[in-house]
Amino acid sequence: MYKSVETLLVEIPTIRPHKMAVATMQTQTLVLVKVTSNDGLVGWGEATTIGGLGYGEESPESVKTNIATYFEPLLKSLSGLNFAQTMQQIKKQINGNRFAKCAIQTALLDIQAQRLGLPLSELLGGRLRDSIPVLWVLASGNTEKDIAEAQKMIELKRHNIFKLKIGSRPVEQDVEHVLAIKKALGSDISIRVDVNRAWSERQAVQGIQLLQEGGVDLIEQPCAIDNIDAMQRLTERFDIAIMADESLMGPNSAYQLARRNAASVFAVKVAQSGGLVEACEVGKIANLAGIDLYGGTMLEGPVGTMASAHVCTTFENLAYGTELFGPLLLTEEILKTPLQYQQFELVVPTTPGLGIELDLDKIDNLRRK
Ligand code: MUC
Ligand code: MG
């Protein structure tokens, strides 16, 4: 059923250094996966991560190796199976590797949706909206630069919600930086922070108290990935929304976090979930548990961004919007027609499959040879 699977590592500089507690990014390595079916249809998926092995358990290199060594031979050996049966075989024969699995699944869904002549969202239960709100992440490392960047985004009507990356400086300094930005932008603008697991529970109590008093709207992943007890205590202690990001690794951890009331919002990421279907399952668990949803990113390029966007269009309650701005952080366009960001939202195409057309010459120029 499938003829070939190819993984391309595409290096693109960012528009400015992107400083996070886990890494500072000057270049993003997009991990693009191209699947060709026996009848000549081509589907794309993406397994991009952040900072090599700085963020998660898979790196661009491990994804490429594992796809070539394990996923491609397996996919080529399967025949007469539908999409669900194919994914079942992959899950049965390959452990872990959520990012690689997500990229393969995206490509298979892209092919299937093209075959049926439907946008990918319709294979995930159907879309409820044609565009989704997108915030912008301020991470230049400099308060004045961040304020100017935010003001420009508001003026352009591109973003009016901002997430600030903190956690690499002492708590007091980070709080000062956040509250200066909050004050400069005014009370109408929603400010959230992402600590990327940098705080101990004691630092979190101190920082969250001050940020809550200063009018910040949400705290993302304050403590360590496995410290669910701390996440639970913070969620119970504070009124401000506490969001699970790195701790949320698919339906199973969604269930555990929900059971333990360890978050009030889930950052749903397709790759962290292990696939688009699994990301929808995370959304369903959140719904049942009364947890709000937010569409997260691994700072993917347009393929992963669109895969996530199709998932997000199916969510009934997308209370915190999304951060699907990844392509806007890159200096090079790899689509024939760029994604449409307008009026603070990303438009999700209604054409078959992912609804994007890649510029293959451009990709060939930028890819790691
Ligand atoms: C994260 O932890 O949320 C998303 C946006 C951004 O700037 O970093 C990522 C990862
Ligand atoms: Mg995060």
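Read the figures in this text as sums done on the coordinates, not as results from a lab. On a predicted model such as this, the values are computed, not experimentally measured, just so you know. Virtual Cβ from ideal backbone geometry, glycine too; neighbours counted across all protein chains shown.
Things to note:
- Comparing D292, D188, D226 in a Gaussian network model of the chain, where Cα atoms under 10 Å apart are tied by springs, the biggest mean-square fluctuation is seen for D188.
- Kirkwood hydrodynamic radius of segment 123-347, from inverse mean 1/r over distinct Cα pairs, in Å: 17.6 Å
- Ascending count of other beta-carbon atoms within 10 Å, so fewest first, for E58, E236: E236, E58
- Residue pairs exceeding 24 angstrom between C-alpha atoms, taken from K3/K369; K3/K284; K64/K362; K34/K101; K19/K183; K163/K269: K3/K284.
- Partners of K92 within straight-line reach, counting aspartates and glutamates whose Cα lies under 17 Å from its Cα and excluding those fewer than 8 residues away in the same chain: E72, E278.
- Taking S140, S77, S62 in turn, the Gaussian network model of the chain (Cα-Cα springs below 10 Å) assigns the largest fluctuation to S77.
- Dividing the mean sequence gap of close Cα pairs (under 8 Å, 6+ apart) by how many residues segment 4-108 holds gives a relative contact order of 29 percent.
- The modelled label-to-label distance between L81 and E172, using points 7 Å beyond Cα along the C-beta direction, is 5.9 nm.
- Taken one residue at a time, the phi angles of segment 320-336 give Karplus couplings (6.51, -1.76, 1.60, θ = phi - 60°) of 9, x, 9, 10, 7, 10, x, x, 6, 8, 9, 7, 10, 8, 10, 10, 5 Hz. Gly and Pro are set to x.
- Choice from A184, A307, A279 with maximal GNM fluctuation in the chain (Cα, 10 Å cutoff): A184
- Length released on extending from K336 to D239, taking residue separation times 0.36 nm less the Cα-Cα span: 30.4 nm
- Relative frequency of Cα-Cα separations exceeding 14 Å in segment 311-369, percent: 66 percent
- Efficiency of FRET from Cβ geometry, L53 and N365, R₀ 35 Å, rounded to 0.05: 0.85
- In this Cβ point-charge picture (+1 for Lys and Arg, -1 for Asp and Glu), the chain has a dipole of about 520 debye about its Cα centre.
- For segment 120-259, relative contact order (Cα pairs under 8 Å, six or more residues apart, normalised by length) works out to 17 percent.
- Under 5 Å from the amide H of Y2 lie the amide H atoms of N38, each residue being 5 or more positions distant or on a separate chain, with H modelled from the backbone and absent for Pro and chain starts.
- Computed from phi, the 3J(HN,Hα) profile of segment 36-52 under the Karplus parametrisation 6.51, -1.76, 1.60 (θ = phi - 60°) reads 10, 7, 4, 8, x, 7, 10, x, 10, x, 9, 10, 5, 10, 10, x, x Hz, with x in place of Gly and Pro.
- As a length-normalised measure over Cα pairs under 8 Å and 6 or more apart, the relative contact order of the chain settles at 21 percent.
- Efficiency of FRET from Cβ geometry, E6 and T65, R₀ 22 Å, rounded to 0.05: 0.95
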